[in-house]
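Student: Sharing a structure here in C-alpha cells format.
The values are calculated or read from the model by the stated rules, or taken from the named source; none is laboratory data. Being a predicted model, the structure only gives us computed values, none of them experimental. Here the Cβ positions follow ideal geometry from the backbone for every residue, glycine too, while neighbour counts run over all protein chains shown.
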Amino acid sequence: MSEPVIKIRDLKKTYLMGTMKVNALNGVSFDIHPNEYIAIMGPSGSGKSTLMNMIGCLDTPSEGTYILNGNDVSKLDDGELAQARNREIGFVFQTFNLLPRTDCLSNVELPLIYAGVKTQERKERASETLRKVGLGDRMDHKPNELSGGQRQRVAIARALVNNPSILLADEPTGNLDTKTGEEIMHLFEGLYRNGNTIIVVTHEQEIADHARRIIRLRDGVIESDRLVEKPVLANADMDANAVPA
C-alpha cells in the first residue's frame, strides 16, 4: 500500500470558553491514503468541524501530530499554514464562496494567482478544469448567471485547478435541491475514479453513503471507522456528460 497522504496521531484540540476548557477533539488517530473517498460524520458538537479545520490547515492542534504528504503541519505558523492550504488542499464549501462580480474563469484562476503561476498558463489550466467539470461553455458567466449546481461545479473546478493532494468538501450539497445534489455527488464519483483523494464532511447519511469509507465522531473521539461496499456508477466520468448542465 502507498504511503498515507494524511497521518494523524492522537490529535487533540482544546478551546477556552471563559474559564471552562472544552475538548473539541480528544485523541483522534487515523490514516488516509491516496485515492480514498472518505466521509466524516457526527452530530453537532462531535468535533467534525474542528477536525475539518485541522485537515484543511485552517487551525493547529493543541496536542498530537498531523503529517500531510510527509510534512508535519501541526506546528506551522499562520503564514506556513496558508502556503500548505494553497498547495495541498482544494476546498469546496456549502456556500460556494465565489467572487460575485468575477466570471467563472477568473474565479477558478484564484489559487493559481496565489501560487504565482503566469497568466497564460493560469488561463489554460483554469479553462481545462472548467471543461472537465462540464462548464466549458460558461467560462465568461458570472455566478449570478448560473444555477446552484453550476456554481458548485465552478467551486469544484477552483478546488481542483492547483492539483491538490486532497479535495476537502464541507456539506457540498447543503444549498442544493435533491436532484442537483445527486448530480454533484455523481461528479465527485467521477473525480474519485480519476484518482483524486476526497474527504466530505457531512451530517447527511445519503451524502456519506457515496463515500467508500465513513469515519464517525462523537464527543471528540472516533466512534467508528468503516469501509463501505458500494457499486461504482457505470458512467461516472469527470466530464460534461457526467453532470447535466
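Per-residue answers, yes or no, for (1) without any contact (Cβ under 8 Å) to a residue 12 or more places away in the chain; (2) in a loop (DSSP other than H, G, I, E, B):
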{"site": "E128", "(1), (2)": "yes, no"}
{"site": "R131", "(1), (2)": "no, no"}
{"site": "L167", "(1), (2)": "no, no"}
{"site": "I184", "(1), (2)": "no, no"}
{"site": "V200", "(1), (2)": "no, no"}
{"site": "A211", "(1), (2)": "no, yes"}
{"site": "E229", "(1), (2)": "yes, yes"}
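Student: Can you find, within region 59-91, the residue that is surrounded by the most Cβ atoms within 10 Å (Cβ to Cβ) among those that are under 18 Å from I198 (Cβ atoms) and in contact with a strand residue (DSSP E or B) (Cβ under 9 Å, 6 or more places away or on another chain)?
Tutor: The first filter runs over region 59-91 and keeps only residues under 18 Å from I198 (Cβ atoms), leaving 68-69, 85, 87-91.
Cutting the leftovers down to in contact with a strand residue (DSSP E or B) (Cβ under 9 Å, 6 or more places away or on another chain) gives us 68-69, 85, 88-91.
Values: L68: 23, N69: 16, R85: 19, E88: 21, I89: 21, G90: 27, F91: 20.
My answer is G90.
Student: Can you pull out the residues in region 162-181 that are more than 24 Å from T50 (Cα to Cα) and in contact with a strand residue (DSSP E or B) (Cβ under 8 Å, 6 or more places away or on another chain)?
Tutor: If the condition is that a residue be more than 24 Å from T50 (Cα to Cα) and in contact with a strand residue (DSSP E or B) (Cβ under 8 Å, 6 or more places away or on another chain), then N162 is the only one that fits.
Student: Which of (1) hydroxyl-bearing (S, T, Y); (2) at pLDDT 90 or above; (3) within 26 Å of E189 (Cβ to Cβ) is the odd one out, the single condition S62 does not satisfy?
Tutor: It is condition (3) that S62 fails.
Student: Please verify whether F30 is within 23 Å of I184 (Cα to Cα), surrounded by 15 or more Cβ atoms within 10 Å (Cβ to Cβ), within 19 Å of the chain's Cα centre (by Cα) and at pLDDT 90 or above, treating the condition exactly as stated.
Tutor: Numbers: within 23 Å of I184 (Cα to Cα): no; surrounded by 15 or more Cβ atoms within 10 Å (Cβ to Cβ): yes; within 19 Å of the chain's Cα centre (by Cα): yes; at pLDDT 90 or above: yes.
Taking the combined requirement at face value, the residue does not satisfy it.
Student: Which one of D170, D237, D177 is modelled with pLDDT under 95, over 18 Å from the mean Cα position of the chain (by Cα) and surrounded by 17 or more Cβ atoms within 10 Å (Cβ to Cβ)?
Tutor: Numbers: D170 fails: over 18 Å from the mean Cα position of the chain (by Cα); D177 fails: surrounded by 17 or more Cβ atoms within 10 Å (Cβ to Cβ).
Exactly one of D170, D237, D177 is modelled with pLDDT under 95, over 18 Å from the mean Cα position of the chain (by Cα) and surrounded by 17 or more Cβ atoms within 10 Å (Cβ to Cβ), namely D237.
Student: Another question, if that's okay. So in region 133-165, with the set limited to residues that are of a type in the set (D, E) and assigned to a loop (DSSP other than H, G, I, E, B), which one is nearest to Y37 (Cα to Cα)?
Tutor: D137
Student: Out of all the residues in region 104-127, which are acidic (D, E) and surrounded by 14 or more Cβ atoms within 10 Å (Cβ to Cβ)?
Tutor: Going through region 104-127, the residues acidic (D, E) turn out to be 109, 121, 124.
Within region 104-127, just E109 meets the criteria.
Student: Only residues that are within 14 Å of I38 (Cα to Cα) and of a type in the set (D, E): list them for region 171-190, please.
Tutor: Restricting attention to region 171-190, the residues satisfying the condition of being within 14 Å of I38 (Cα to Cα) are 171-172, 185, 188-189.
Hits for region 171-190 are E171, E189.
Student: So which residues in region 33-87 are under 16 Å from the mean Cα position of the chain (by Cα), closer than 15 Å to I6 by Cα and of a type in the set (D, E, K, R)?
Tutor: The answer is E36, R85, R87.
Student: Something else now. If N144 meets every condition in (1) surrounded by 17 or more Cβ atoms within 10 Å (Cβ to Cβ); (2) touching a Pro at 6+ places or on another chain (Cβ under 9 Å); (3) over 23 Å from I198 (Cβ atoms) apart from one, which number is that one?
Tutor: Result: N144 fails condition (1) only.
Student: Would you mind telling me which numbered condition in (1) among the basic types (K, R); (2) part of a loop (DSSP other than H, G, I, E, B); (3) buried (at least 20 other Cβ atoms within 10 Å of the Cβ) R101 fails?
Tutor: Result: R101 passes all but (3).
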